[in-house]
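Peer 1: My structure is below; once you've seen it, I'll send some questions.
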Amino acid sequence: MNRLKDKVAVITGGNSGVGAAVAKLLASEGAKVVITARRKEALENVAGEITAAGGTVLAVPTDISKSEDSEMLMELVMEKFGKIDVLVNNAGILEEGLKPIDRFTDEDLDRIVETNQKGTMKVTRAAVKRMSSGASVVTIASAAGATGNGGAAYVSSKAAVIGMTKHGALRFQKDQIRFNAICPGTVVTPMVAKLNPSNLDQDMFGAMMVHNDLKAPPCMPEDVANIVLFLASDESRAMTGQILVTDFGSTL
């Protein structure tokens, strides 16, 4: 308990799945959490659960793909709490169908990159300008970004934020602001549950089956949240620029 006492943590995509699990865990460990996403009602539901459990939470509807929203969010956090110790980049969307590099659509690419890459970079830019020594940026990437297993548009967006993580670690090493990324395999979330298996590109799915251990268990949101807690805490103060694949060894 209290591993994050007095720290202020901002979690994007905090309205469900991994983001909600992260927010609840960090709040239970003493952090003041700020959760943000586009859907206000879902955000308020998560905030209500955190408050009921005795945590401190601020819910701010935000579209991170808009620069002005990200700046507004971080300025509001500074006004409310006076600092930003942790940013958890969790907001992201999936590409339906596992379309490979020879079949992806421009519409999918634009939509996914707008949130997964550009949105993550914009909200990170807004946060780090207000962070000081000892702060931590934790980005939820994907095993797909590390291994190539997935639709081309989604893979490229997650590979991009892995690159952003390494860049940020290099840029802010002297300031002791840490950047690390977590690359989960399949995570059991409402977003994943909505995928329609009949829409999967069979060529890409076949390639993934060859290079994945399908018997490996999926990650639960709490599995990812536990690793976020470690990276957000001072226990990991010596770690920066690290990319942690958390998929139960399915891609070894």
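The values are calculated or read from the model by the stated rules, or taken from the named source; none is laboratory data. Owing to the predicted nature of the structure, the values given are computational and were not obtained by experimental measurement. Here the Cβ positions follow ideal geometry from the backbone for every residue, glycine too, while neighbour counts run over all protein chains shown. Surface areas here come from the heavy atoms of the whole protein model, side chains and all, with no ligands, DNA or RNA. Shrake-Rupley method; radii C 1.70, N 1.55, O 1.52, S 1.80 Å.
Peer 1: Among the residues of the range 46-61, which ones are touching a Ser or Thr at 6+ places or on another chain (Cβ under 9 Å) and open to solvent by 50 Å² or more (accessible area, probe 1.4 Å)?
Peer 2: Ala53, Gly54, Pro61
Peer 1: Working carefully through the options Met209, Met220, find the one that is out of contact with any Asp or Glu (no Cβ under 7 Å at 6 or more places or on another chain), modelled with pLDDT under 95 and under 18 Å from Val22 (Cβ atoms).
Peer 2: Met220
Peer 1: Hey, another quick one. What is the number of the single condition among (1) modelled with pLDDT under 95; (2) under 19 Å from the mean Cα position of the chain (by Cα); (3) buried (at least 20 other Cβ atoms within 10 Å of the Cβ) that Met204 does not meet?
Peer 2: (2)
Peer 1: To continue, here is another question. Among helices (runs of 4 or more DSSP H) lying entirely in the range 11-121, which contain 3 or more residues that are hydrophobic (A, V, I, L, M, F, W, C)?
Peer 2: Those helices (runs of 4 or more DSSP H) span 17-28, 40-52, 67-81.
Peer 1: Does Val34 qualify as being surrounded by 13 or more Cβ atoms within 10 Å (Cβ to Cβ) and touching a Leu at 6+ places or on another chain (Cβ under 6 Å)?
Peer 2: The answer is yes for Val34.
Peer 1: Could you say which residue among Val88, Val77 is touching a helix residue (DSSP H, G or I) at 6+ places or on another chain (Cβ under 8 Å) and surrounded by 15 or more Cβ atoms within 10 Å (Cβ to Cβ)?
Peer 2: Result of the check over Val88, Val77: Val88.
Peer 1: Related question: Take Lys7 and decide whether it is closer than 26 Å to Asp175 by Cα and open to solvent by 10 Å² or more (accessible area, probe 1.4 Å).
Peer 2: When the stated conditions are applied, Lys7 passes them.
Peer 1: Aliphatic (A, V, I, L, M), touching a residue at least 12 places away in the same chain (Cβ under 8 Å) and open to solvent by 10 Å² or more (accessible area, probe 1.4 Å): is that true of Ile64 in this structure?
Peer 2: So Ile64 fits the description; yes.
Peer 1: Looking at Ser16, Ser28, Ser70, can you tell me which residue is open to solvent by 20 Å² or more (accessible area, probe 1.4 Å), of a type in the set (Ser, Thr, Tyr) and more than 23 Å from Ser236 (Cβ to Cβ)?
Peer 2: Every option except Ser16 fails the conditions.
Peer 1: So if I check each of Ala169, Ala143, which one is under 20 Å from Val224 (Cα atoms), touching a Gly at 6+ places or on another chain (Cβ under 6 Å) and either of a type in the set (A, V, I, L, M, F, W, C) or modelled with pLDDT of 95 or more (or both)?
Peer 2: So the residue among Ala169, Ala143 that is under 20 Å from Val224 (Cα atoms), touching a Gly at 6+ places or on another chain (Cβ under 6 Å) and either of a type in the set (A, V, I, L, M, F, W, C) or modelled with pLDDT of 95 or more (or both) is Ala143.
Peer 1: Do we have Ser133 as open to solvent by 30 Å² or more (accessible area, probe 1.4 Å), within 23 Å of Gln242 (Cβ to Cβ) and not acidic (Asp, Glu) here?
Peer 2: Yes; evaluated as a whole, the condition is true for this residue.
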